[in-house]
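Only one structure is covered here, and it is reproduced in the block below.
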Amino acid sequence: MLAPIKHLLGKYRIVLASGSPRRQELVKMLGLNAELCPSTFEENLNLEDFKEFSDYIEATALGKAEEVFSRLSASGDSKDLIVIAADTMVTLGKEIYGKPKDPADAFRMLTNYPYRTIFFIRLVCLAPRIAYLAGVVLKHANGIRKFTDTADVYFGDLLPEQIQSYVDTGHPLDKAGAYGVQGPGGALIHRIDGDFYCVMGLPLHRLCCELNKLFLEDLSS
């Protein structure tokens, strides 16, 4: 996916505005040697100020990107600096599911997912669906690129014992929506509609498309 710009990548300092080793590994899968630099941006935006969930997470990702870009630019040349920032959100209907407060809260969230009736391909199915939204911002000297990608996750029919067993692993306690597709949580899902890596927090296909546009359009002018 990055073949058209492979000869250009080594000329830029690429920084991931995050402290997540998982996101760093995803970026490395693309052949990018990205540094980790956690943002100090205070994530306290008021959701009610935004019309759409996507606007909210893009604004949060933008705040992270601009803070890191500004901080790193102050100590060096920003011309060859590209900052990638991302933010994720889990929703079920109009409700947002953040990180669980404790194991009991994680159990509550997970028990909400099964047995939800949804319409899919003209059929009424007993299939739970939660939506993962990933907002991504690419900040560079010439401006920014931002986008939101969405993936729908359908859970299988889960018994209380199965949910409790997953909660007891500790895996869901630090994850939005009390669920992570990597690890034991992967066995809970029936299917995913969308980019698998969106559920992991960084939609790789769309990121590659935007990186190609960035290098071939924004930075070539």
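The values are calculated or read from the model by the stated rules, or taken from the named source; none is laboratory data. Quantities reported herein were computed from a predicted structural model and do not represent experimental measurements. We place every Cβ from the backbone using ideal geometry, glycine too, and count neighbours over all the protein chains shown. Accessible surface areas use protein heavy atoms only, side chains included; no ligands, DNA or RNA. Shrake-Rupley method; radii C 1.70, N 1.55, O 1.52, S 1.80 Å.
Odds and ends about this structure:
- Counted residues, the range 50-75 - those being in a helix (DSSP H, G or I), of a type in the set (S, T, Y) and surrounded by fewer than 19 Cβ atoms within 10 Å (Cβ to Cβ): 3
- Some residue of the range 78-86 being open to solvent by 30 Å² or more (accessible area, probe 1.4 Å) and more than 20 Å from L8 (Cα to Cα): no
- Residue satisfying all of: in the range 93-111; assigned to a strand (DSSP E or B) and touching a residue at least 40 places away in the same chain (Cβ under 8 Å); surrounded by the fewest Cβ atoms within 10 Å (Cβ to Cβ) among these: I96
- Residues in the range 24-49 that are assigned to a helix (DSSP H, G or I), open to solvent by less than 60 Å² (accessible area, probe 1.4 Å) and modelled with pLDDT of 90 or more: Q24, L26, V27.
- So D174, is it acidic (D, E) and either farther than 27 Å from G63 by Cβ or touching a strand residue (DSSP E or B) at 6+ places or on another chain (Cβ under 8 Å) (or both): no
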